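We did not get these values from a lab; they are worked out from the coordinates using the rules stated. Given the structure is predicted, the values throughout are model-derived calculations rather than measurements. In this analysis, Cβ positions are derived from the backbone assuming ideal geometry, glycine residues included, and neighbour counts consider all displayed protein chains.
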Amino acid sequence: MGAGLGARRIREPLSRERALSAAIALVDAEGLGALTMRRLAAEVGVEAMSLYHHLPGKEGLLDGLAEAVVAEIQAAVDTTLDDGHWRARLRQRFLAARTVMLRHPWAPALLGSRPTIPAGLYGYYDGIIATLRDGGFSYRIAHRALHAFGSLALGFAQEVFRPASAGGETDVEAAEEELAAMAAQLPHLTAMVAAEAHAADDPTLGWCDSQVEFEFTLDLLFDGLEKARD
């Protein structure tokens, strides 16, 4: 057999997993705004119509991304240590989820924008409830705890002022300039923003979502749950 034929490259078959992996790499590099079916098809070396066999259009692609993020969170949680105490277990779980969010800073806005529940999310929350039950909490308090945790359970804090588009990021400089212009009308808000500038070594997912703030809020919630145990 000739060297040319023997060395012919065999293309990896297209699969849903391969397409989603390429989509995540693309969005990590360029943001959700860069993601289109045509662009993704070019990334995996197929015609755009071939993607529709695995991902039914742009909405199906975004749903697939959300499912992939949830699966990545669960995988990160599964590798965390478990010392048996409910508080430490939940803290490890939520911080493991946050490592995924910091790896994919577009994911919080995506998860908040999908009209359907990503596959795997119910199982993830079932694990949180199981941890609370093992810690001696009733289902009533576990239910209230889920409401209190909100998006912290997925590794990010829900911003009060959300970006307009999924995957967008809060324009911190523009927001601060706007507040400076309104300093006379909003003295306390302006002073707080000036005092709360994030340190360069404090990982952040938004204007009001730094690692320090995230862990501070977790500890407040866990302290409250200790008092609410019944």
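Laid out as a table, the results:
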item: Share of alpha-carbon pairs per 10 Å distance bin for segment 1-115, given as whole %; result: 13, 36, 26, 16, 8, 2, 0
item: Per-pair calculated FRET efficiency, R0 = 25 Å: I117 and A42 via Cβ, rounded to 0.05; result: 0.20
item: Inter-label distance for H147 and M182, nm, one decimal - labels placed 7 Å from Cα along Cα-to-Cβ; result: 2.9
item: Nearest-0.05 FRET efficiency for L81 and S15, computed from C-beta distance (R0 30 Å); result: 0.35
item: Segment 1-138: relative contact order in percent, alpha carbon pairs under 8 Å with at least 6 residues between; result: 23
item: Hz values of 3J(HN,Hα) by residue in segment 114-123 - Karplus curve (6.51, -1.76, 1.60), Gly and Pro given as x; result: 7, x, 10, 7, x, 4, x, 6, 4, x
item: Cα centroid separation, segment 108-134 to segment 29-101 (Å); result: 13
item: Model label zone, R103; criterion: amide N under 14 Å from point 7 Å along Cα-to-beta-carbon; scope segment 31-75; result: 68-75
item: Mean Cβ neighbour count within 10 Å, used as a protection proxy, ranking 57-68, 40-51 highest first; result: 57-68, 40-51
